[in-house]
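Following: one structure in structure tokens, then a few remarks.
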Amino acid sequence: MTKESEGKEPLLYYYCIKFALSAYSTLFSIIGLVILCIGIYAEVERQKHRTLEGIFLAPAVVLLLLGITMFAVSFIGMVGSLRDNRTLLKMFFWVLLVIFITEVLLIFTEIIFENKMNAVFHSNIQEGIRHYYDDLDFKNILDFVQEKFSCCGGDEYKDWNVNQYHSCNSSGPLACGVPYTCCIKKVPGEVINTLCGYKTLEKERLQLVDIIHVRGCIHAVGLWFKDNFEVTFGIVCTLLLPQGKTKMANPFDYTC
């Protein structure tokens, strides 16, 4: 192997990593900007019909924070890779590493203090259920979660008894029932009767196994995260890999 070919290999490796990191950062900058715009729009709409306090019950705030973080961090990585700025690349790497460690710590905190965390989530979800028809932001999120994860309420389906319209002490067609998003679809794409959850709160679990989902969304979502922990861990590691390679491949490391 000649000296010329030996010199080209590190350079080729460097440009491949630089291109990959630039594309990676640009893509996530655009995604972060889109999420930020959606968050701004959602927050403006939320302020018009604001009935709930608390960040947990305000997905728009979460979108804003997520969008700002994604855009800022990815922008630093994009500029650092295009300008060959080692300071920005190191900042990009360490910020992502801190985010990764924080995510892992949060996961382990949830596992270790599962009962306490579930109690906090349950309290917040019950507060949201009380104002289910007043806060469209929370309503849409809960409807999506109930349909996506085949669950109902926070801890169980009877959590809907705290809502003034679904309470067994109220009157009307919704009394002592649950929203249609809790109902079981027997056929994919089936049009569900919006009153399919009628009078389900006064029945026991075994009587409802073919009518509504009786398990709570806290347990359903928690189980999903546990089942997909290895996949999530692998994806985050993959996202961190380009930054680690960038430091190894940077030709400035071979100068001086």
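The values are calculated or read from the model by the stated rules, or taken from the named source; none is laboratory data. Everything numeric in this text was worked out from a predicted model, so none of it was measured. No Cβ is skipped: glycine too gets one built from the backbone with ideal geometry, and neighbour counts run over all protein chains shown. With ligands, DNA and RNA removed, areas are computed over all heavy atoms of the protein, side chains included. Shrake-Rupley method; radii C 1.70, N 1.55, O 1.52, S 1.80 Å.
Taking the Cβ of Glu156 as the center, what net charge do the other residues with Cβ under 13 Å away carry, scoring Lys and Arg +1 and Asp and Glu -1? Value of the local net charge: +1.
Once the Cα-Cα distance is subtracted from the 0.36 nm per residue extended length, the Lys90 to Ala72 segment shows a gain of 5.0 nm.
Of the trypsin sites (Lys or Arg not before Pro) found in the stretch 163-201, the ones in coil according to DSSP and having at most 10 other Cβ atoms within 10 Å of their Cβ are Lys186. Leaving out ligands, DNA and RNA, what percent of the accessible area of the stretch 98-141 is carbon and sulfur, probe 1.4 Å? Answer for the stretch 98-141 is 68 percent, counting heavy atoms of protein chains only.
If DNA, RNA and ligands are ignored and the probe is 1.4 Å, what is the ranking of Asp137, Asp210, Asp143 by accessible area, most exposed first?
Details: Asp137 40, Asp210 110, Asp143 15 Å².
Greatest to least solvent exposure: Asp210, Asp137, Asp143.
Sorted largest first by accessible area at a 1.4 angstrom probe radius, with every protein chain in place, the residues His213, His166 fall in the order His213, His166. Solvent-accessible area of Ile107, all protein chains in place: 60 Å² (probe radius 1.4 Å, heavy atoms, ligands and nucleic acids excluded). Rolling a 1.4 Å probe across all protein chains gives Leu106 an accessible area of roughly 110 Å². When the pairs Lys116/Lys226; Lys158/Lys185; Lys199/Lys226; Lys139/Lys199; Lys139/Lys185; Lys203/Lys226 are compared against a 24 Å limit on Cα-Cα distance, Lys199/Lys226; Lys203/Lys226 fall above it.
So if we plug the beta-carbon distance of Glu114 and Ile30 into 1/(1 + (r/R0)^6) with R0 = 30 Å, what FRET efficiency do we get, rounded to 0.05? Walk me through the numbers before you get to the answer.
On the way: r = 36 Å, r/R0 = 1.21.
Efficiency, rounded to the nearest 0.05: 0.25.
As a test of reading the structure, rank Phe149, Phe144, Phe92, Phe75 by solvent-accessible area (1.4 Å probe, protein chains only), most first. Before the final figure, lay out each step's value.
Values: Phe149 40, Phe144 125, Phe92 5, Phe75 95 Å².
Order by accessible area, largest first: Phe144, Phe75, Phe149, Phe92.
The stretch 65-110 and the stretch 14-47 have Cα centres lying 12 Å from one another.
To the nearest 10, the accessible area of Leu65 is 100 Å² with a 1.4 Å probe. Put a plus charge on the Cβ of each Lys and Arg, a minus charge on the Cβ of each Asp and Glu, and nothing anywhere else: the dipole of the stretch 71-197 about its Cα centre is then about 380 debye.
Treating r as the C-beta distance of Val61 and Phe19 and R0 as 41 Å, the FRET efficiency rounds to 0.70.
Computed as a quarter of the hull surface, the mean projected area of the alpha carbon convex hull for the stretch 103-205 stands at 8.0 nm².
Each residue, Ile184 and Ser123, gets one label point 7 Å from its Cα in the Cβ direction; the gap between the two is 3.4 nm.
Taking 0.36 nm per residue of separation and subtracting the Cα-Cα distance, full extension of the segment from Asn169 to Asn228 would add 17.2 nm.
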